[in-house]
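Worksheet: one structure, shown below.
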Amino acid sequence: MNKQHHYHLSLDWTGNTGRGTENYLNYKRDHVIKMVGKPAIALSSDPAFMGDPSKYNPEELLLASLSSCHMLWYLHLCVINNVIFLKYSDHPEGIMDEEADGSGKFTKVILKPEVIVLDKTMISTALELHKEANKKCFIANSMNFTVLHQAIIRMKKK
């Protein structure tokens, strides 16, 4: 039997400037996500859509979710394959196409992990494990667009 996991949060719009959604220019796109026992996350829309540039937006959180899920699977796969890495960082890029009517969708995400391994004999396996992590990642498996990887694997400097 497959396991099923449930996730819950609350989202509250905080952008009412006193006039509600009377017109398109009179409200902020600010909102807060809360989860029991965790700090609240303040969000807005992308500045291109009249959002607050100092706050995260949903598009950034999608990118963060993909990057984080991939890294967590990669950690696991490295451990069970005896690949020891000392540093992992990612600088992903998401591409979203906006239609003339204002709708849009992500068409591609490129994860760009940089990994420092302990020994040069681990480099090829470390590179291959990114493919396996992509196959396992819950978030990547839920997307209807391509998730690519441009991984860089280096050996620890002596």
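Each reported figure results from applying straightforward, stated rules to the coordinates on display, with no laboratory input. Because the structure is predicted, anything quoted here is derived from the model rather than measured. A quick note on method: Cβ atoms are made from the backbone with ideal geometry, for glycine too, and the neighbour counts reach across all protein chains shown.
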Can you tell me the 0 to 90 degree angle between the C-alpha axis of helix 58-80 and the longest principal axis of the chain, rounded to 10? 20
Using a cut-off of under 13 Å, list every residue of the range 103-124 whose amide N is near the label point 7 Å from the Cα of MET155 along the Cα-to-beta-carbon line. 117-124
Taking all pairs of different Cα atoms in the range 10-49, averaging 1/r and flipping that mean, what Kirkwood radius in angstroms comes out? 11.1
Under the Kirkwood approximation applied to all pairs of distinct alpha-carbon atoms, what is the hydrodynamic radius of the range 67-156 in Å? 13.8
Please give the length that would be gained between ASP97 and ILE41 if that part of the chain were fully extended, namely 0.36 nm times their separation in residues minus their C-alpha to C-alpha distance (nm, one decimal). 17.6 nm
Within the range 62-145, report the GluC sites (Glu not before Pro) that DSSP leaves as loop and that have at most 13 other Cβ atoms within 10 Å. GLU99
Size of electric dipole in the range 10-49: Cβ of Lys, Arg +1 and of Asp, Glu -1, about Cα centre, debye, nearest 20: 120
Give me the net charge for the shell around ASN16: Cβ to Cβ below 14 angstrom, other residues only, Lys and Arg +1, Asp and Glu -1. 0
Which of ILE80, ILE139, ILE123 moves the most in a Gaussian network model of the chain with Cα springs under 10 Å? ILE80
Where the Cα pairs of the chain fall when distances are cut into 10 Å bins, in %: 9, 29, 30, 21, 9, 3, 0
What percentage of all Cα-Cα pairs in the range 107-158 are separated by more than 12 Å? 66
Compute the FRET efficiency between LYS136 and MET1 as 1/(1 + (r/R0)^6), taking r as their Cβ-Cβ distance and R0 = 22 Å, and round to the nearest 0.05. 0.65
Of PHE85, ASN144, THR17, whose Cα points farthest to the positive end of the dipole of the chain (charges on the beta-carbon: +1 Lys, Arg; -1 Asp, Glu; origin at the Cα centre)? PHE85
Which is the longest part of the chain that has none of the chymotrypsin sites (Phe, Trp or Tyr not before Pro) sitting in a DSSP loop with at most 10 other Cβ atoms within 10 Å? 25-158
How large are Rg and Dmax for the range 36-111 when calculated on the C-alpha trace, in angstrom? 16.2, 50
